[in-house]
1. Among residues belonging to the range 257-286 that are in a helix (DSSP H, G or I) and more than 21 Å from Gly169 (Cα to Cα), point out the one that is most open to solvent (accessible area, probe 1.4 Å).
2. Looking at this structure, is Gly82 of a type outside the set (A, V, I, L, M, F, W, C), within 30 Å of Gly187 (Cβ to Cβ), open to solvent by 60 Å² or more (accessible area, probe 1.4 Å) and modelled with pLDDT under 85?
3. Which condition number in (1) part of a helix (DSSP H, G or I); (2) crowded, with 21+ Cβ neighbours inside 10 Å; (3) in contact (Cβ under 8 Å) with a residue 40 or more places away in the chain is the one that Val254 fails?
4. For the range 201-221, indicate whether the set of residues that are without any contact (Cβ under 8 Å) to a residue 40 or more places away in the chain, surrounded by 15 or more Cβ atoms within 10 Å (Cβ to Cβ) and closer than 22 Å to Phe135 by Cα is non-empty.
5. What is the number of the single condition among (1) open to solvent by 20 Å² or more (accessible area, probe 1.4 Å); (2) touching an Asp or Glu at 6+ places or on another chain (Cβ under 7 Å); (3) farther than 24 Å from Glu151 by Cα that Pro248 does not meet?
6. Taking the range 169-183 as the search range and keeping residues that are open to solvent by less than 50 Å² (accessible area, probe 1.4 Å) and touching a helix residue (DSSP H, G or I) at 6+ places or on another chain (Cβ under 9 Å), which one is nearest to Val278 (Cα to Cα)?
7. Tally the residues that are open to solvent by 40 Å² or more (accessible area, probe 1.4 Å), assigned to a helix (DSSP H, G or I) and aliphatic (A, V, I, L, M), restricting the search to the range 222-233.
8. Only one of these is out of contact with any strand residue (DSSP E or B) (no Cβ under 7 Å at 6 or more places or on another chain), modelled with pLDDT of 65 or more and surrounded by 11 or more Cβ atoms within 10 Å (Cβ to Cβ): Gly57, Gly128, Gly46. Name it.
Amino acid sequence: GAGAKASYSLAGLAAAFDVARTHTITRSTPPMWMVSAGALAARSSGTGVSSHAGLMGLTRQARSEAPQSQLPIIDLDVLRPGMTELAAVSKLAGKLGLGYNGTPEPEMAFDGSSQRVPRLTEAAGSLGGPIKLYFDARGAVSNLRVVSQEEDDSEPVHGEVKLHVGAVGLNFRDVLNVLGVYPGDPGPPGGDCAVHISAMGTGIPHLKVGDAALGHGLAALASLSKSDARLMAAITDSLSFEQACTLPTTWCTVHMSLLAARPAAGHDVLLHAGAGGVGLTSQEYC
């Protein structure tokens, strides 16, 4: 049943974690590949096998945190009749030296005769003008869709700025929002952003129209947003928009947490999840 399948998935993930940990901390280990079945959904008519999602996430995170580990993954799709999984993996790995001394692909799907690799491609343009990410109901990420956004022609009030959004940083709060498990009503998703100031009200000495800025925007998963100017700060060319949009929540969280903790000389700070955004920021901050 479903419970048994879940147990098998967790057991397999635990075993894969032990293997990946050994592989990343050992200086000289033989080439190793992780194997999944149907997880990449390489065929356009299929969907991925969710029971292997953890393995995909584990290998990707391991490569991100320890690039020297490589840990390529071979995803077995529909195999030719008579071909075993071991034969398929051996054939492909031997042919390509996958991830080690041949094709530098960290992930590949194989159906016994052809290989497919994941790629991001530019989506066909279907909407003109401003757009936003929208959902009719919370409960699943698949409820999100891109729709046209109406432009707001009203003048900004005192202390308010209007924003042309260039990049948005996603936080766990946004995920909880879309899934419908955030306490209370969090409003539309999207907060951390990097923008150009398109219009501004009075009483804002630290910004001007045209400035590149980072901060917190209202419903910022859109082309256009607005914000209280006190939540925005100008940036220079030393930061790209993609870099800048990752900073507001992580740095504010660390700053306010340390203010509340009031550490003094000689105190130690214990960081949980040190490889995450707040953990990495805490290390830099301290």
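The values are calculated or read from the model by the stated rules, or taken from the named source; none is laboratory data. Small disclaimer: the values here were computed from a predicted structure and weren't measured. Methodologically, a virtual Cβ is constructed for each residue, glycine included, from the backbone with ideal geometry; neighbour enumeration extends over all protein chains shown. Protein only, heavy atoms only, side chains kept; ligands, DNA and RNA dropped before computing areas. Shrake-Rupley method; radii C 1.70, N 1.55, O 1.52, S 1.80 Å.
1. Within the range 257-286, the match that is most open to solvent (accessible area, probe 1.4 Å) is Leu259.
2. no
3. Here Val254 clears every test but (3).
4. Looking through the range 201-221, at least one residue is without any contact (Cβ under 8 Å) to a residue 40 or more places away in the chain, surrounded by 15 or more Cβ atoms within 10 Å (Cβ to Cβ) and closer than 22 Å to Phe135 by Cα.
5. (1)
6. Within the range 169-183, the match that is nearest to Val278 (Cα to Cα) is Asn171.
7. So the count comes out to 1.
8. Of the residues listed, the single one that is out of contact with any strand residue (DSSP E or B) (no Cβ under 7 Å at 6 or more places or on another chain), modelled with pLDDT of 65 or more and surrounded by 11 or more Cβ atoms within 10 Å (Cβ to Cβ) is Gly57.
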